[in-house]
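Everything below concerns the one structure shown next.
Read-outs throughout are calculated quantities, based only on the coordinates presented, and are distinct from any laboratory measurement. All values reported here derive from a predicted model rather than from experimental measurement. All Cβ positions, glycine included, derive from the backbone under ideal geometry; neighbour counts span all protein chains shown.
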Amino acid sequence: MASEDLLRRHQVGGGRRAAAGAAGLAAVPSLHTAVVTCMDARIDVLTLFGANVGEAHVLRNAGGVVTDDVVRSIVISQRKLATRDVLLVQHSKCGLTTFTDAEFCEELAADTGIEPSWRPQAFPDPAESVRRGIARLRRDPFLHPDTRVRGFVLDIETFALDEVFVDGERAG
Ligand SMILES: [Zn+2]
């Protein structure tokens, strides 16, 4: 199993390095920011933002979609760990743009005989998905009223960030 390789690397120094990197840090992210992004293995959020361990919460899933569970984590992040800002980052050429919810559910059903109770939440256009995510977060009743949400599409080749604005808005 390839995962055994990761466990071995933890044993031979990864764990010690992680402990040293977190030494003396508080659980509260010092930049009071939560970043939501895709699980894409090429994206290193700390490197992307020149950030350090301890500075931000990083919430990841397939696509970087604002799901119920992302909202759950942000609400806890805000109420218990003093974050306010949310950066939502989806990216070009995301796997979630390569199929539809119906296709994926049909594939699962054909293979297993069972349709999932959840939606894959695939999207054809990352910018539109970011726009919907921003809208959802801004309307969520449990997020702090001072929450600042900004959304971006990351170019997966250049790693440039293109800010996405909700209709009629040009944030500073
Ligand atoms: Zn992705």
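Things to note:
- Any chance ASP140 is away from the ligand (no atom under 16 Å from the Cβ), surrounded by 12 or more Cβ atoms within 10 Å (Cβ to Cβ) and closer than 17 Å to PRO29 by Cα: no
- Look at (1) in contact with a Gly (Cβ under 6 Å, 6 or more places away or on another chain); (2) in contact (Cβ under 8 Å) with a residue 60 or more places away in the chain; (3) of a type outside the set (Gly, Ala, Ser) and you find that LEU96 fails only one, number (2).
- Take the conditions (1) surrounded by 12 or more Cβ atoms within 10 Å (Cβ to Cβ); (2) in contact (Cβ under 8 Å) with a residue 24 or more places away in the chain; (3) within 18 Å of the chain's Cα centre (by Cα); VAL166 misses just one of them, which is (3).
- Residue selected from the range 112-137 under the condition free of Cβ contacts under 8 Å to residues at least 12 places away in the same chain and part of a helix (DSSP H, G or I), by the criterion farthest from the chain's Cα centre (by Cα): THR112
- Residue check, ALA34 under 17 Å from ALA135 (Cα atoms), touching a helix residue (DSSP H, G or I) at 6+ places or on another chain (Cβ under 7 Å) and more than 16 Å from the ligand (Cβ to nearest atom): yes
- For PRO141, the conditions (1) in contact (Cβ under 8 Å) with a residue 60 or more places away in the chain; (2) assigned to a loop (DSSP other than H, G, I, E, B) all hold with the exception of (1).
- Here the condition is being within 16 Å of the ligand (Cβ to nearest atom) and loosely packed, with under 12 Cβ neighbours inside 10 Å; of ARG16, ARG60, ARG42, ARG8, it holds for ARG42 alone.
- Scan of the range 24-62 for residues that are hydrophobic (A, V, I, L, M, F, W, C) and in a loop (DSSP other than H, G, I, E, B), ordered by number: LEU25, ALA26, ALA27, VAL28, LEU31, MET39, ALA41, ILE43, PHE49, ALA51, VAL53
- Going through (1) under 13 Å from CYS38 (Cβ atoms); (2) more than 16 Å from the ligand (Cβ to nearest atom) one by one, VAL65 falls short only on (2).
- Residue count for the range 76-107, restricted to those that are in a strand (DSSP E or B) and more than 16 Å from the ligand (Cβ to nearest atom): 2
Yes or no, residue by residue, for (1) in contact with a strand residue (DSSP E or B) (Cβ under 9 Å, 6 or more places away or on another chain); (2) surrounded by fewer than 21 Cβ atoms within 10 Å (Cβ to Cβ); (3) among the small types (Gly, Ala, Ser):
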position: VAL71; (1), (2), (3): no, yes, no
position: ILE76; (1), (2), (3): no, yes, no
position: LYS80; (1), (2), (3): no, yes, no
position: ASP85; (1), (2), (3): yes, yes, no
position: LEU88; (1), (2), (3): yes, no, no
position: PHE99; (1), (2), (3): no, yes, no
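- A count restricted to the range 35-58 and to residues that are touching a Gly at 6+ places or on another chain (Cβ under 6 Å) and touching a residue at least 40 places away in the same chain (Cβ under 8 Å) stands at 3.
- Residue within the range 101-108 that is in contact with a helix residue (DSSP H, G or I) (Cβ under 7 Å, 6 or more places away or on another chain) and either free of Cβ contacts under 8 Å to residues at least 60 places away in the same chain or buried (at least 16 other Cβ atoms within 10 Å of the Cβ) (or both) present: no
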